[in-house]
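First up is the structure itself, then whatever we jot down about it.
The values are calculated or read from the model by the stated rules, or taken from the named source; none is laboratory data. Keep in mind it's a predicted model, so treat the numbers as computed, not measured. Don't worry about glycine lacking a Cβ; one is built from the backbone with ideal geometry, like all the others, and counts go over all protein chains shown. Heavy atoms of the whole protein, side chains included, go into the accessibility calculation; ligands, DNA and RNA do not. Shrake-Rupley method; radii C 1.70, N 1.55, O 1.52, S 1.80 Å.
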Amino acid sequence: MATAAVKEEPIEEVDFETRFIMLCQASPEGITDNVIQKELPQCDTKQRMTIVNRLLSMGKIDLLKSGSKLLYRLKDPDSASQVKGGDNQEKLVYQIIKDAGNKGIWIRDIRFKCNLLLTQVNKILKNLETKKLIKAVKSVAASKKKVYMLYNLEPDRSVTGGAWYSDQDFESEFVEVLNQQCFKYLEQRAAAAREAKSDPIAQRNASFTPLEDVWKYISDLGISKVQLSKEDIETILNTLIYDGKVERSLVAGQATASGDGYVKLYRSVQPLIPTTGLMRMPCGACPVFDQCYEGGAVSPTTCVYMKEWLEI
């Protein structure tokens, strides 16, 4: 009776495969051919290619491109289960997008990392979007630029622009309203401190308001359609500081895991003397004023700031 022949792999090759996987586990970001040659000097090119092809066919590793070098990375079992039914190329693109996190990744960078044709990448992205595994988000950094990220992720502020942008348009009127309301609240606190008729130092100290109080005041007004964070309000208060309407003071407070142990206090201030006309025009604060002349690279005729100021 004839017995079926069982194909046996060389023990040495199996050992190389195990060590190859261990190298990938030790370097989650991936390993290059140089690393493999250094760590497995006895493994020749033919054996290495055999191992790589077998692991690729088994779906255990991903083959990426880093610059001009190939990168071998152990496949994430979670991502493989997410893209169930997809081919290796689809799983590879999904993993690349997953690695980009909530900042997303541009299609050009996806092509560079997976080394696929544009038509192939577009088809894969369309399939992943149809399965609601990924989504395309427009970036405020470039009006025609879309980045891809996992479907359930909230885009980073650097992508959406945060509370100050709506459909890629900067909400200047909304920012101006917040600017006015923050300053109004600080002025009310300063007026209440003056009415207390205490000594000047006590009045000054009482006019300071913590950032959290300003944030609660703006939140209670309900003038924002989106949830504003304390960092958003701090950005508005910083613009008031630059305008010379508000000053900030740091006092020691209880240190927290997310803070540095300081409490930020703000109060409205009045200028001692009115600003001169020269300082209100663009030339008064222009850093290249001494290089400005007719016919030069910086010229009053072509100055966009002067034109905007004259149209006010």
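Points worth noting:
- When Lys65, Lys7, Lys38 are checked against the criterion of being among the charged types (D, E, K, R) and either modelled with pLDDT of 75 or more or in a helix (DSSP H, G or I) (or both), a single residue qualifies: Lys38.
- Residue, modelled with the highest pLDDT, within segment 241-280, restricted to residues that are more than 13 Å from Thr209 (Cα to Cα) and among the basic types (Lys, Arg): Lys245
- Within segment 287-312, residues that are open to solvent by less than 100 Å² (accessible area, probe 1.4 Å) sit with their Cβ atoms under 7 Å from residues that are among the polar types (S, T, N, Q), at 6+ positions apart or across chains, in these pairs: Cys292/Ser299; Val298/Gln291.
- Only residues that are assigned to a helix (DSSP H, G or I) and in contact with an Asp or Glu (Cβ under 9 Å, 6 or more places away or on another chain) were counted in segment 46-62, giving 7.
- Residues in segment 36-75 that are among the β-branched types (Val, Ile, Thr) and either farther than 23 Å from Lys91 by Cβ or open to solvent by less than 30 Å² (accessible area, probe 1.4 Å) (or both): Ile36, Thr45, Ile51, Val52, Ile61.
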